[in-house]
Amino acid sequence: MPILVALGSFTLSAQADDARVAKWQGEGWQLLQTYCIDCHNADYQEAELDLSPFEELSHAEANPDLWNRVLQMVRFGAMPPDDAALPSDEERRTLGDALDNAVFNVTCDLRPKAGRVTARRLNRVEYNHSIRDLFGVDLDVTADFPSDEVGGGFDNNADVLAMPPMLLEKYVDAAEKVAAAVLFDPNSLKKQTLEMSGERIAIVGEGHTESFYGRLFPSESFAWVEFELDLPGVYRVRLTGTAASKERAPQGVAVYDAEGKPLFADAFRHADDGGNQSSSFSHEFPAGQTRLIVATVEGLPEDIKELDLSSLSRFDGIDRLDEAALAEGRELFEKSLEVNREIDWESMDFVFRKLSIDGPSDFPKEALPPSQSEIVKRVPNRRGDRYTEVERSAKVCLKPLLERAFRGPVDEDTVDRYAGLVKAATDRGASFHRGLQDAITGMLVSPRFLFRVELPAPGIEPDEQGEYRLTDFQLATRLSYFLWSSLPDEELLKLAKDGKLKDAEVLSRQIDRMLADDRSKSLSQQFAAQWLGLRNLDGMPRDPALFPTYSPELVESMIGETERLFMDVLRNNRPVGELLDADYTYVDARLADYYGLDRPADAADEEFVRVDLVDSPRRGILTHASVLTLTSYPTRTSPVLRGKWILESVLGTPPPEPPPNVPELEANEEATAHLSVREQLAIHRANPSCASCHRVMDQLGFGFEDFDAIGNYRGGDGVDASGELPGGRSFNGGKELAETLRKSESSRFAMTATEKLLAFALGRELSPADRCITEQIAGESEADDFRLADLLKRVVASRPFQYFQAEPGASHDSQ
């Protein structure tokens, strides 16, 4: 049975409902009365919380968020406080399970709903990726966009992706830049006319300057010029000069490139009193600095039209144009020439008066944007200065582009509107290509591109739960922005057009294909990086006196390690718990040296390669330098931050906010400066308001005290990295703690991963009603040890992913 079957519904009989109420009254409510009601009742509401309504289980249905918060406080151990009567470990588990069952049943007895997702604006990464995949050009035009807000831990959360007026202006500017970058307008071609004469002509060997500032040289010498071209393309080169000797005229002259390859040759006649002959040729030059050599040549045919350039050999004096000769010539470019009025003309062979270059007249194909040929599939004919059948040609060019950009079919009226922009441009005298640029700009500021709006197809009615199933095109879009943070490719759109994408087997194969694609790295760079907090490493300071090896380049390597381990576990469908205790990792040369690990000698320095950690004190992401640096202060480690990170990112149980008026732990406080961090935290825990949270959080953080504030291993004598978790689970060091968490907390970590995947996939924060879905996904994956790709596929198969709610009467017609 394939994984990708829509995850189901939940029902409960009245008899089971009565049994559930009785169980709550006999277990959960009794424990709340014993340990909690004294401080949280109608008359005395500590922290403004009254738990007396918890007697009735129906209260959970109306207030699932409140019940969930109480559950977190109980499981975490934050309540009751240490100065109150405390339940035993067994009683705490019983109360936690009772609260958990209550919340689960009230949200899952009802048929689970997909939930409503706000129209989603593309965030900065999604915008850039969509431009990249739409045009095949990797551009970053969002650098000056305002930062995207984060909601629920992710910056693709629809509820926080607003559209302020300033951003709309940025989108217009970006669209114009993209249009100009992906489609070249030949009419905008910048022409260059350059002329090199007089002092701009350098000579290697004997040379002179005559009265008209022509440069004379004998056959043993040669001349060269240098110039800068703004654009690549085909240029017209014109060589002007004359044979120096009337007796030996005509004089053969050749033009060579900087490597000595012949480009052109002609025979120059003699002209008295400053007369000239000009010969020209066309050649394709790259942009940038270009050098040409002019030298005499013998043996040209009498009829120059019969010349075969391949018969000319490479210029044999090229080696004389070394760095010293180039430097000498460039120095003379800036000086005035000294005219020689006593030249022995018969000993000279050529008078080089000038070389001019004009163009480009055309571009080489490789100089055009790769997207040019994909966009411009047809160009209208011209009659005089007017185009004919502009709109017909424009529609041929624009329809496939609009379908990709808008991620689905476009009707003829839509295509006509954009073709009309091209027609308007040509009517005012602009080129057809300029008109296409206008249409592309309009397309990129359309809400159909900038927003992902899911509305029912015309004529489609909601199901019995009042929800709509995604169309194949909507499913393709959700899937591609989940896995690639980008728009669907042609294969997804073709399957959607054929109505095949909803098929479970087809969808599963597409997920496999998309994960194997390089674009799936977005899951590590966007999803994993935000889940684990890696983005916060950018610009995170460290005291250079204490950590001189810390650098932005090292941070980049740290992040690269964690992202690659995540992708390895995902693409190979390994158990998600392997992220916690993997005995291998990925390092480049910089990180391998930092960790003291060997890597293959033939691997490039910047290449990340897999290495074993069998004899290393490191295991999994918990001992990655990225996480260890992220959870430290600029000058020291922080067991509190490290323990808090594990609670939030691994166990999915964020600690409550600290009580008001409780000072933070300060390392330089006079009274405690002489104490170790462990001893300072012991004093901190003496406050009953702090102890309930810190007794778990600190123990988790102590396990990583064998790593310093930038993730360097420092274990050994004098370092206490021991700790003990509830239930007597003791450990010593990060390696043992990672292995302990893998053994005892795999299911909780899998649940955390599932919740994060679903929230990222949907672009919204999860609600208590989503609990039944995440429980089912994790539960169905447990038998196979919670394999990560399987969790992801079950997220895609879930009702919240494949269905949506809409306002009554809303449809794509109204859009």
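Check whether at least one residue in segment 126-138 is touching a residue at least 12 places away in the same chain (Cβ under 8 Å), surrounded by fewer than 20 Cβ atoms within 10 Å (Cβ to Cβ), small (Gly, Ala, Ser) and under 19 Å from Ala175 (Cβ atoms), and report yes or no. Yes, segment 126-138 contains at least one residue that is touching a residue at least 12 places away in the same chain (Cβ under 8 Å), surrounded by fewer than 20 Cβ atoms within 10 Å (Cβ to Cβ), small (Gly, Ala, Ser) and under 19 Å from Ala175 (Cβ atoms).
Hey, can you tell me all the residues within segment 758-787 that are within 20 Å of Asn68 (Cα to Cα), hydrophobic (A, V, I, L, M, F, W, C) and part of a helix (DSSP H, G or I)?
From segment 758-787, those within 20 Å of Asn68 (Cα to Cα) are 758-759, 764-779; that's our starting set.
Among the residues that remain, those that are also hydrophobic (A, V, I, L, M, F, W, C) are: 758-759, 766, 769, 772-773, 777-778.
Those that are within 20 Å of Asn68 (Cα to Cα), hydrophobic (A, V, I, L, M, F, W, C) and part of a helix (DSSP H, G or I): Leu758, Ala759, Ala769, Cys772, Ile773, Ile777, Ala778.
Somewhere in segment 296-306, is a residue surrounded by 14 or more Cβ atoms within 10 Å (Cβ to Cβ) and closer than 15 Å to Phe217 by Cα? Walk me through it before giving the result.
Taking segment 296-306 and keeping what is surrounded by 14 or more Cβ atoms within 10 Å (Cβ to Cβ), we get 296-297, 300.
Checking the rest, the ones that are also closer than 15 Å to Phe217 by Cα come to 296-297.
The answer is yes, given that some residue of segment 296-306 is surrounded by 14 or more Cβ atoms within 10 Å (Cβ to Cβ) and closer than 15 Å to Phe217 by Cα.
Going through segment 480-491 one residue at a time, which ones are of a type outside the set (Ser, Thr, Tyr) and touching a Lys or Arg at 6+ places or on another chain (Cβ under 9 Å)? Correct list: Leu483, Trp484, Leu487, Pro488, Asp489, Glu490, Glu491. Name the residues in segment 54-69 that are among the small types (Gly, Ala, Ser) and within 20 Å of Gly26 (Cβ to Cβ), would you? Hits for segment 54-69 are Ser58, Ala60.
For segment 582-592, what are the residues that are outside any helix (DSSP H, G or I) and either among the aromatic types (Phe, Trp, Tyr) or in contact with a Ser or Thr (Cβ under 7 Å, 6 or more places away or on another chain) (or both)?
Hits for segment 582-592 are Tyr584, Tyr586, Asp588.
Regarding Asp413, is this residue over 25 Å from the mean Cα position of the chain (by Cα) and open to solvent by 70 Å² or more (accessible area, probe 1.4 Å)? Yes, satisfied.
Conditions tested, residue by residue: (1) in contact with a Cys (Cβ under 8 Å, 6 or more places away or on another chain); (2) at pLDDT 75 or above.
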site: Leu71; (1), (2): no, yes
site: Phe76; (1), (2): yes, no
site: Pro87; (1), (2): no, yes
site: Glu91; (1), (2): no, yes
site: Asp97; (1), (2): no, yes
site: Asp100; (1), (2): no, yes
site: Asp109; (1), (2): no, no
site: Asn123; (1), (2): no, yes
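Answer yes or no: is there a residue in segment 75-83 that is open to solvent by 50 Å² or more (accessible area, probe 1.4 Å), closer than 23 Å to Arg771 by Cα and among the charged types (D, E, K, R). Among the residues of segment 75-83, at least one is open to solvent by 50 Å² or more (accessible area, probe 1.4 Å), closer than 23 Å to Arg771 by Cα and among the charged types (D, E, K, R), which makes the answer yes.
Mind telling me which of the residues Gly728, Gly723, Gly718, Gly711 ends up being of a type in the set (Gly, Ala, Ser) and modelled with pLDDT of 85 or more?
The match here is Gly711.
When residues in segment 629-650 are screened for being open to solvent by 20 Å² or more (accessible area, probe 1.4 Å) and in a loop (DSSP other than H, G, I, E, B), 4 of them pass.
Does segment 111-122 contain at least one residue that is farther than 30 Å from Glu464 by Cα and either polar (S, T, N, Q) or open to solvent by less than 40 Å² (accessible area, probe 1.4 Å) (or both)? Steps first, answer last, please.
Start the filter on segment 111-122 by keeping residues that are farther than 30 Å from Glu464 by Cα, which leaves 122.
If we keep only those that are either polar (S, T, N, Q) or open to solvent by less than 40 Å² (accessible area, probe 1.4 Å) (or both) too, we end up with 122.
Yes, because at least one residue in segment 111-122 is farther than 30 Å from Glu464 by Cα and either polar (S, T, N, Q) or open to solvent by less than 40 Å² (accessible area, probe 1.4 Å) (or both).
Only one entry of Gly260, Gly233, Gly252 meets the criterion of being small (Gly, Ala, Ser) and at negative phi, and that entry is Gly252.
All of (1) within 23 Å of Trp484 (Cα to Cα); (2) surrounded by fewer than 18 Cβ atoms within 10 Å (Cβ to Cβ) hold for Val614 with one exception: (1). For the residues Asp82, Asp50, Asp65, Asp38, the requirement of being acidic (Asp, Glu), modelled with pLDDT under 80 and either under 39 Å from the mean Cα position of the chain (by Cα) or part of a loop (DSSP other than H, G, I, E, B) (or both) singles out Asp82.
Let's see how each residue does on (1) part of a loop (DSSP other than H, G, I, E, B); (2) among the polar types (S, T, N, Q); (3) within 20 Å of Phe731 (Cβ to Cβ):
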site	(1), (2), (3)
Leu580	no, no, yes
Tyr594	no, no, no
Ala601	yes, no, no
Ala604	yes, no, no
Val611	no, no, no
Ser616	yes, yes, yes
Arg619	yes, no, yes
Val627	no, no, yes
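Residue-by-condition table, conditions (1) crowded, with 17+ Cβ neighbours inside 10 Å; (2) within 30 Å of Gly459 (Cα to Cα); (3) modelled with pLDDT under 85; (4) among the acidic types (Asp, Glu):
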| residue | (1), (2), (3), (4) |
| --- | --- |
| Gly734 | yes, no, no, no |
| Lys743 | no, no, no, no |
| Lys756 | yes, no, no, no |
| Gln776 | yes, no, no, no |
| Phe786 | yes, no, no, no |
| Val796 | yes, yes, no, no |
| Phe801 | yes, yes, no, no |
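For segment 312-329, taking the residues that are open to solvent by less than 100 Å² (accessible area, probe 1.4 Å) and not in a loop (DSSP other than H, G, I, E, B), the one that is nearest to Gly252 (Cα to Cα) is identified as Ile318. Only a single item in (1) open to solvent by 10 Å² or more (accessible area, probe 1.4 Å); (2) free of Cβ contacts under 8 Å to residues at least 40 places away in the same chain; (3) of a type outside the set (D, E, K, R) is not met by Leu591, and it is number (1).
Please state which one of Glu578, Glu556, Glu561 is open to solvent by less than 30 Å² (accessible area, probe 1.4 Å), acidic (Asp, Glu) and farther than 22 Å from Asp790 by Cβ.
Numbers: Glu578 fails: farther than 22 Å from Asp790 by Cβ; Glu556 fails: open to solvent by less than 30 Å² (accessible area, probe 1.4 Å).
Just a single option satisfies the conditions, and that option is Glu561.
In segment 745-754, of all residues being under 30 Å from Gln474 (Cα atoms) and touching a residue at least 60 places away in the same chain (Cβ under 8 Å), the one that is most open to solvent (accessible area, probe 1.4 Å) corresponds to Met751.
Only one of the numbered conditions (1) free of Cβ contacts under 8 Å to residues at least 60 places away in the same chain; (2) under 51 Å from the mean Cα position of the chain (by Cα); (3) open to solvent by less than 20 Å² (accessible area, probe 1.4 Å) is violated by Tyr256, and that is (1).
Among residues of segment 488-507 that are surrounded by fewer than 15 Cβ atoms within 10 Å (Cβ to Cβ), those with a beta-carbon under 6 Å from a residue that is acidic (Asp, Glu) at least six positions away or on a different chain give the pairs Gly499/Asp472.
Screening segment 455-560 for helices (runs of 4 or more DSSP H) wholly inside it with 2 or more residues that are among the hydrophobic types (A, V, I, L, M, F, W, C) and farther than 19 Å from Val795 by Cα returns the ranges 490-497.
The values are calculated or read from the model by the stated rules, or taken from the named source; none is laboratory data. Fair warning: this is a prediction, and the values are worked out from it, not measured in the lab. Cβ coordinates were reconstructed from backbone atoms using ideal geometry, including for glycine residues, and neighbour counts include every protein chain displayed. Surface areas here come from the heavy atoms of the whole protein model, side chains and all, with no ligands, DNA or RNA. Shrake-Rupley method; radii C 1.70, N 1.55, O 1.52, S 1.80 Å.
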